[in-house]
């Protein structure tokens, strides 16, 4: 049995993957609608950047405050609880838009929902990471993590396409209503992941100190030992994972924020072109995820090449204004950045001791979330202060410096082994 098929065979795996896919559709649909509507209402890139930052920064603060609880409780059940917040947020936005509230009230509602989303996303990553690490062998866990990211990208593409159709018809309220329905479907998928037999197996494993799934090493972790072949990484490697999560994690929201004024510059007033641009980015991320999970690209190669390649593509977006070429460059840039993020997520899940996966995930998400929020704010400010082309060139410079510096950091033998270079 292959790693991919064995991963799907564990109770709850299929429903967990369904949760990631459906959640990707809902999150993409809602996020694109908020970004587009905020710029459409205010014509201010700084406001759009603030909406992007609100989706990350509050989660950083709250996540750090509750990080010690990230490894407690039933992971699947906690996923269910946090996702009720997402359903409530989408429902609120649908009601506010249907009521034709003032611009100030609408933007405030956007910000409030984005803030709640930031905390839920932070905790969901920790809970999902625990669920995967506890129930799957190491090789299966890596495959499932990559597949879940890829399926989230598939959902993102579908959400982007749906947003394009609905925004083109000026149906902003329907975007929020559809997101609410999708979050409800995600809740049902999480409930199915908590099937009685899977839940009972996990409770039995916790009670007697044996793995919930063969090969996971949960029993050894409970006894204070690391599973054989999964020795925890050194503090230096963990710090490197945190530091080099910043460039790619920050770059994606940067390009998402810059995509709104870019779309207006290339195709003024076209919601369809913005949706096509966003769908291109998500589609590129999905294809990159599939290539990485299929073994066509090694993690070590991604870590060495992705950021310098992203710098070259950002320069292209600074100078090109042909619609087809812009869509192509944007999609490839998103693909390159997504592969780097996926590798860092896998390292985050596999490097720390098993009983600290949730805590390290929250810390890493806090670092990445700070980068995302800061980059979204800076993108809006750079566009307003220096112009659209300058913003893309600044991004290119940051990616180039970060990528070149990895060539010395990545030579650490422990890091090379963790990334699969040895």
Set 96, 107: member being modelled with pLDDT of 90 or more, more than 19 Å from the chain's Cα centre (by Cα) and under 23 Å from residue 370 (Cα atoms): 107
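For every residue, the table says whether it meets (1) at pLDDT below 85; (2) within 22 Å of residue 191 (Cβ to Cβ); (3) touching a helix residue (DSSP H, G or I) at 6+ places or on another chain (Cβ under 6 Å).
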| position | (1), (2), (3) |
| --- | --- |
| 21 | no, yes, yes |
| 32 | no, no, yes |
| 38 | no, no, yes |
| 61 | yes, no, no |
Pair list, Cβ < 8 Å and 6+ apart or interchain, from the range 262-275 residues that are at positive phi and modelled with pLDDT of 80 or more to residues that are outside any loop (DSSP other than H, G, I, E, B) and crowded, with 18+ Cβ neighbours inside 10 Å: none
Filtered residue count, the range 281-310, keeping only those that are crowded, with 22+ Cβ neighbours inside 10 Å and modelled with pLDDT of 85 or more: 5
Residue in the range 307-320 that is farther than 18 Å from residue 396 by Cα and touching a residue at least 12 places away in the same chain (Cβ under 8 Å) present: no
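The values are calculated or read from the model by the stated rules, or taken from the named source; none is laboratory data. Predicted model, so just to flag it, every value in this text is computed and none were measured. As a convention, Cβ positions derive from the backbone with ideal geometry for all residues, glycine included, and neighbour counts pool all protein chains shown.
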